[in-house]
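Take a look at the structure set out below.
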Amino acid sequence: MSGLAISTSGLVHIYRSQGHDVAALSGIGIAVRPGEIVGLLGPSGAGKSTLLQLCGGLLTPSAGRLQIGEHTLTTMTEPELDRMRASDVGIVLQGAGRNLVPYLSPVNNVKYAQRAAAGDRSLPAPEEVLDLVGLTDHAHARLQSLTPGQIQLCAVAVGIATFPGLLLADEPTSQLDHAARDEVLAAISTINASTGMTVLLVTHDPEVAALLPRTVTIRDGRIASEGRSGEEFAVVATDGSLPLPPHVAELLAPGTLLRVTTTEDGDVRLRPVQQEDQA
């Protein structure tokens with residue numbers, strides 16, 4: 001197997017709330033290469049989980065283009081989306097219990113998650129899936145006997161039950177202590193390294209973000225910045241707009257004029273225009 005690429009352009013999603021249209025995403029453009037691990041960051045309500053659910057075909061875009069591998073989600077029917085989720089895209093919803101059948105053991109939860117893809121292609125043995133997340137010794141345990149971290153690992157195992165090309169994980173480390181959090185992140189890293197699976201992960205935890213090779217920050221439904229190996233970069237949008245990173249924006253009052261200049265070396269510089277220069 002190999003990881004699936006993600007490509008979006010001008011992606012818009014509008015919710016209808018109390019008679020008003022609310023834009024959760026406003027023209028998102030993002031490209032994720034096969035086999036990448038990418039974290040989605042941003043404040044609550046920024047649009048992170050909406051983007052994740054769009055990539056999983058759980059929501060329908062209001063406008064724009066969304067491509068997952070060879071799947072063009074904006075033109076797919078519900079049965080086609082169901083088949084994609086059964087085989088090619090694994091989803092771990094926020095809250096481990098939402099992903100599990102409470103009366104089944106970890107191994108039987110994995111088997112249950114594989115049932116929709118049975119016959120489509122060769123599937124990994126459930127024990128192989130559990131081994132990837134470190135739950136081999138708890139394969140037949142009752143879920144109630146597991147720690148919160150182990151239950152979350154079981155939810156991840158269910159998400160990768162078919163060894164999909166893309167894993168979508170919404171806050172997989174939420175409400176875990178540091179040791180359990182690190183266990184879950186290590187398991188996801190092992191999955192990525194062992195299978196080549198692409199991973200898109202939502203988190204609000206800056207400590208988690210610091211451990212990821214690439215992050216995309218969403219703010220007010222738009223991409224605000226990207227992080228690569230701990231360094232943050234501004235991102236020029238497809239319409240030419242340039243959201244400033246928070247640590248820069250907080251230095252500038254709303255309405256500040258910025259003079260844009262270029263140097264002979266090709267550097268681009270932004271300089272606030274002083275009040276006397278505006279006269």
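Take the chain with all the other protein chains still there, run a 1.4 Å probe, and you get 51 Å² of accessible area per residue. Gain on full extension, evaluated as 0.36 nm per residue between Thr60 and Thr190 minus their Cα-Cα distance, stands at 43.7 nm.
The relative contact order of segment 6-272, computed from alpha carbon pairs under 8 Å that lie at least 6 residues apart in sequence, is 22 percent.
Averaged over residues, the count of other Cβ atoms within 10 Å places the peptides 59-68, 145-154, 163-172 in the sequence 163-172, 145-154, 59-68, highest first. The candidates Ser44, Ser225, arranged from most to least accessible area with a 1.4 Å probe in the full protein assembly, appear as Ser44, Ser225. Charge dipole (Cα centre; +1 on Lys/Arg Cβ, -1 on Asp/Glu Cβ; no other charges) of the chain amounts to roughly 660 debye.
Atom-type composition of the exposed protein surface of segment 30-86 places 51 percent of the accessible area on carbon and sulfur (1.4 angstrom probe).
Taking every DSSP beta bridge that has both residues in the chain, what percent is antiparallel when rounded to the nearest 5?
Of the beta bridges lying entirely in the chain, close to 65 percent run antiparallel.
For the chain, the longest principal axis of the Cα atoms and the long axis of helix 178-195 meet at an angle of about 80 degrees. In the chain, the longest principal axis of the Cα atoms and the axis of helix 148-159 are about 90 degrees apart.
Largest to smallest in accessible area, the residues His140, His71, His20 fall in the order His140, His20, His71 (1.4 Å probe, all protein chains included). Approximating the spin labels as points 7 Å out from Cα along Cα→Cβ, the Val260-to-Ser17 distance works out to 3.1 nm. Ranked by the mean number of other Cβ atoms within 10 Å of their residues, highest first, the peptides 89-96, 21-28 fall in the order 89-96, 21-28.
Taking GluC sites (Glu not before Pro) in DSSP loop states with no more than 12 other Cβ atoms inside 10 Å as exposed sites, the chain has its longest site-free stretch at 71-249. In segment 124-279, Cα pairs under 8 Å separated by at least six residues give a relative contact order of 13 percent. For segment 176-219 versus segment 85-146, the spacing of their alpha-carbon centroids is 19 Å.
Taken over the Cα atoms of segment 110-206, the convex hull encloses 100 Å³ per residue.
Spin-label model, Leu251 to Thr136: label points 7 Å out along the Cα-to-beta-carbon direction sit 5.3 nm apart. Here each label is just a point 7 Å from Cα along the line to Cβ, and for Leu244 and Tyr112 those points are 5.2 nm apart. Sequence-distant contacts, meaning Cα pairs under 8 Å at least 6 residues apart, place the relative contact order of segment 1-78 at 37 percent.
The values are calculated or read from the model by the stated rules, or taken from the named source; none is laboratory data. Owing to the predicted nature of the structure, the values given are computational and were not obtained by experimental measurement. Cβ: placed from backbone, ideal geometry, glycine included. Neighbour counts: every protein chain shown. In case anyone asks, the SASA skips ligands and DNA or RNA and just uses the protein heavy atoms, side chains included. Shrake-Rupley method; radii C 1.70, N 1.55, O 1.52, S 1.80 Å.
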